[in-house]
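Visitor: Encoded as structure tokens, here's the structure I'll be asking about.
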Amino acid sequence: MYASREDIGYDFGDDSKVESKPIKPNPNIDGGWAWMIVFSSFLVHILIMGSQMALGILNMEWLEEFNQSRGLTAWVSSLSMGITLIVGPFIGLFISTCGCRTTAIIGGILNALGWILSAYASNVHYLFLTFGVTAGIGSGMVYLPAVVMVGQYFQKRRALAQGLSTTGTGFGAFLMTALLKYLCTEFGWRNAMFIQGAISLNLCVCGALMRPLSPKDLREKYVVRSDSEENREKALSHSTETIKSNGVLSEEPEKKEEAANEEVLGSVQHTEIGGKSGSGRSLYGLRILKTVSQLTVTVRKGFALWYSSYFGAASLFTNRVFVAFIIWALFAYSSFVIPFIHLPEIVKQYNLSRQDNVFPLTSIIAIVHIFGKVILGIISDLPCISTWNVFLMANFTLVTCILTLPLMQTYVGLAVVCALIGFSSGYFSLMPVVTEDLVGTKHLANAYGIIICANGISALFGPPFAGWIYDITQKYDFSFYIAGLLYMVGIIFLLIQPCIQKKQSREKPTEEAQV
């Protein structure tokens, strides 16, 4: 659903050693195995994002099985959706340490385990742990490598590759809705989750397809400036000074520990050369110590890179427009997620199940969402059109649909509103561009990661809040009205802050001239 962090200038690899010499292009860049990476990412979007958009089917089954409130039951779905996005920045630590392939395979196992264990749930709280947390973390560990690897393998055709891979979300929502509905009808929801867990093991296959690029391949893709190493050192020193001011870490102990690690490695190598005179047991212990030391160095380097990437940009929060963008993100994504979770039950209350079984409303949102992303992207690329204006118009359309959805009580009316929701939510493809306009290219990677986290928080609290409102009023109408009004508040922040900033920028030269 989101663009890759590679698309916005984020690289989990260590590019400090990359030379600036142009090298003969590798056939796997923008071609060859790169299309297998796109196929792998496409399947990941189907199995993860598509399955999450179809959770409304299981939400109905859980309500009937456990007889809990709608607010409490909705936490199961929202935990899975929210955690998938919230853990993104922290999964970067695993990627920088273990690589995308290993991270994705481990995530696939966790995701499948979460589905399978959920089949034996005895209460909703059990599902919080197995499906919400376990499957959610597993989804995040697969989703992020999937979008990162596409960015690593493509340079010229990156937009096309990302567009093809992210369409898996729409296709997945359509396919998984039909699949889960069929499995629940034929085998019951417990067996359906068990079968879905077995299907989710294919995420491990998708992870295995994520063949890492060698340093040689990375040289062929990137043309690095001569001062890249100097910039990396500045970033690392900035993050180290920040930690030092908080009393967490200082530069001297780090240097001492690195020296100690080198001393240990040197002593082990020396011992291995003259190991014939030593005992086998002591030599084995030294080899273990060597391995642990090497692992410690790798983890510390990965943590330093991860910390400087996500927490070394405190200046972002001095940008008022970006802060307004974060506030918008906290309210926006829930308005897109709430219909997927609660629409199946709304259809049941309106006695529209027969029409919805023929063509589910959530499937309409999913399919039109695909076209929305493509068409809005094409429109925003036109030279006479502002991406910011397209972004705002899409948001206004979406919030209008959320506010008018409770007024529709026929299948045709709901289908039209759902189609508009799917099309207008295509603005997700514009989020990296808008973020770059707000913070610039230098801080784009960090800013985009923060926005994704804010969307994750929105997905985490949105569906339970809507269910809680229903428990109080016995209607979903107020759930959509309140979600729409909060969404409108976020849009108003987006409108006000740029105007204030422009006014301040105009007043500044006048004040300087007077001085």
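Visitor: How high is the relative contact order of the stretch 315-505, in percent, with contacts defined as C-alpha pairs under 8 Å that are six or more residues apart? Don't skip to the end; give the middle numbers.
Guide: Working: 223 pairs, mean separation 76.6, N = 191.
Rounded, it is 40 percent for the stretch 315-505.
Visitor: Hey, another quick one. Hey, what's the stretch 315-505 come to in accessible area per residue, 1.4 Å probe, Å²? Please report the intermediate quantities before stating the final value.
Guide: On the way: 7860 Å² over 191 residues.
Ligands and nucleic acids excluded, the result is 41 Å² per residue.
Visitor: Oh, and also: So for the stretch 80-170, averaging the separation of alpha carbon pairs under 8 Å that are six or more residues apart and normalising by length, what relative contact order in percent results? Please list the in-between numbers first.
Guide: Numbers: 94 pairs, mean separation 34.6, N = 91.
Relative contact order here is 38 percent.
Visitor: Please turn the phi angles of the stretch 182-187 into ³J(HN,Hα) values with the Karplus equation 6.51 cos²θ - 1.76 cosθ + 1.60 (θ = phi - 60°), one per residue in order, whole Hz, x for glycine and proline.
Guide: 5, 5, 5, 6, 7, 10
Visitor: Which entries in the list LYS181/LYS373; LYS181/LYS475; LYS301/LYS373 go over 30 Å, if you measure between the two C-alpha atoms of each?
Guide: Numbers: LYS181/LYS373 27 Å; LYS181/LYS475 24 Å; LYS301/LYS373 38 Å.
Flagged as over cut-off: LYS301/LYS373.
Visitor: Here's something else I'd like to know. Ranked highest first by the average count of other Cβ atoms within 10 Å around their residues, in what order do 147-156, 394-403 fall?
Guide: Numbers: 147-156: 23.6, 394-403: 20.5.
Put in order of decreasing packing, that is 147-156, 394-403.
Visitor: Can you tell me the order of 354-364, 452-462 when each peptide is scored by its average per-residue count of other Cβ atoms within 10 angstrom, highest first?
Guide: Numbers: 354-364: 18.2, 452-462: 22.9.
Packing proxy ranking, top to bottom: 452-462, 354-364.
Visitor: Express in % the proportion of alpha carbon pairs of the stretch 133-211 at distances exceeding 19 Å. Don't jump to the answer; show the numbers that get you there.
Guide: On the way: 1521 of 3081 pairs.
The calculated P(r) of the stretch 133-211 puts 49 percent of pairs beyond 19 Å.
Visitor: At a 10 angstrom cut-off on C-beta neighbours, averaged per residue, how do the peptides 117-130, 164-177 rank from highest to lowest?
Guide: Details: 117-130: 17.3, 164-177: 23.1.
So the order, starting with the most tightly packed, is 164-177, 117-130.
Visitor: Sticking with this one: For the stretch 25-175, what is one quarter of the convex hull surface built on the Cα atoms, given in nm²? List each step's numbers first, then the result.
Guide: Working: hull surface 36.7 nm².
Approximately 9.2 nm², given one-decimal rounding.
Visitor: Could you tell me what percent of the accessible area of the stretch 315-505 is made up of carbon and sulfur, with a 1.4 Å probe and every protein chain present?
Guide: Working: 5530 of 7860 Å².
Answer for the stretch 315-505: carbon and sulfur cover 70 percent of the accessible area.
Visitor: Then there is this: I'd like the FRET efficiency for PHE396 and THR296, computed as 1/(1 + (r/R0)^6) with the beta carbon distance as r and R0 of 45 Å, rounded to 0.05.
Guide: Values: r = 52 Å, r/R0 = 1.16.
Efficiency, rounded to the nearest 0.05: 0.30.
Visitor: Mind putting together the pair-distance distribution for the stretch 315-505? All Cα pairs, 10 Å bins, whole percent per bin, short to long.
Guide: In whole percents, the pair-distance histogram is 9, 35, 34, 16, 5, 0.
The values are calculated or read from the model by the stated rules, or taken from the named source; none is laboratory data. Just so it is clear, the model here is predicted, and its values are computed rather than measured. When we count neighbours, we look across all protein chains shown, and the Cβ atoms used for this are built from the backbone with ideal geometry, even at glycine. Note: areas computed on protein heavy atoms with side chains; ligands, DNA, RNA excluded. Shrake-Rupley method; radii C 1.70, N 1.55, O 1.52, S 1.80 Å.
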